[in-house]
1. Take the conditions of a type outside the set (S, T, N, Q), exposed (fewer than 14 other Cβ atoms within 10 Å of the Cβ) and assigned to a helix (DSSP H, G or I) and apply them to residue 177. Does it pass?
2. Given the condition touching a helix residue (DSSP H, G or I) at 6+ places or on another chain (Cβ under 6 Å) and of a type in the set (Val, Ile, Thr), answer yes or no: does some residue in segment 146-165 qualify?
3. Hand me the list of helices (runs of 4 or more DSSP H) wholly inside segment 1-62 holding 3 or more residues that are under 21 Å from residue 189 (Cα atoms).
4. Of 116, 140, which residue is in the same structural domain as residue 178 (by TED's automatic domain parsing), within 30 Å of residue 180 (Cβ to Cβ) and not hydroxyl-bearing (Ser, Thr, Tyr)?
5. Quick check on residue 131: is it in a helix (DSSP H, G or I) and in contact (Cβ under 8 Å) with a residue 12 or more places away in the chain?
6. Exactly one condition in (1) at pLDDT below 70; (2) on the phi > 0 side of the Ramachandran plot is not met by residue 75; state its number.
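The values are calculated or read from the model by the stated rules, or taken from the named source; none is laboratory data. Because the structure is predicted, anything quoted here is derived from the model rather than measured. For neighbour counting, all protein chains shown are included, and Cβ atoms are generated from backbone atoms with ideal geometry for every residue, glycine included.
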Amino acid sequence: MNKQEFLSRLKDKLPANEDTQERLSFYSEMIDDRQEEGMSEEEAVAQIGSVESVLSQILSEIPLSKLVKERVKPKRALKAWEIVLIVLTSPVWISLLIAAFIIMISAYIVIWSLLISLWSIEVIFTFGSVYIAVYAVVFIAQSRFLQCTAYLGASAALVGISILMFFVCKGAFKAAIMLTKKVAEGTKLIFIRKKAAK
């Protein structure tokens with residue numbers, strides 16, 4: 001892909017505002033700099049990345065509130081019948097918006113509650129293994145070697161489970177962060193696509 005195709009595809013997917021031209025100029029200069037270093041135009045474009053990856057990076061930097069504000073801002077004055085229609089239908093669309101917002105917030109609360117629960121289980125297994133190991137030392141002091149062996153075995157099992165749980169918790173945490181980013185990017189793309197469609 002050459003520079004013009006890359007910039008053209010990127011421009012088509014970005015929201016039409018004053019920041020878009022700055023971003024296009026930035027990537028144009030980046031390609032030019034790489035060409036000055038001896039790369040061909042196609043190599044310079046390939047090193048920057050795909051249009052989708054660049055778009056994803058740009059979207060992560062644009063606040064959602066800015067996109068919403070640009071999208072909601074009317075392009076012309078509303079007519080009287082449009083205002084009446086908006087007011088009359090407001091009980092329906094406001095209720096639907098509130099319900100959608102509550103469902104999204106509830107989903108995030110459930111996801112993050114599950115993560116907190118997983119980390120709590122991890123902490124319990126970790127401290128449990130330490131507690132049982134300390135108790136095994138008490139059995140050694142009392143010359144109760146059979147109980148000591150059982151407690152040391154249980155402690156070792158809990159250490160193993162806690163190590164396994166740590167990696168499970170870490171993976172779940174990364175997945176939740178990625179899901180959050182993807183939802184935010186998807187929401188931003190919805191506003192950009194609606195804008196581009198007009």
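1. Details: of a type outside the set (S, T, N, Q): yes; exposed (fewer than 14 other Cβ atoms within 10 Å of the Cβ): yes; assigned to a helix (DSSP H, G or I): yes.
Here the answer is yes, as residue 177 does meet what is asked.
2. yes
3. Qualifying helices (runs of 4 or more DSSP H): 3-13, 18-36, 51-61.
4. Within the list 116, 140, the selection yields 116.
5. Here the answer is no, as residue 131 does not meet what is asked.
6. It is condition (2) that residue 75 fails.
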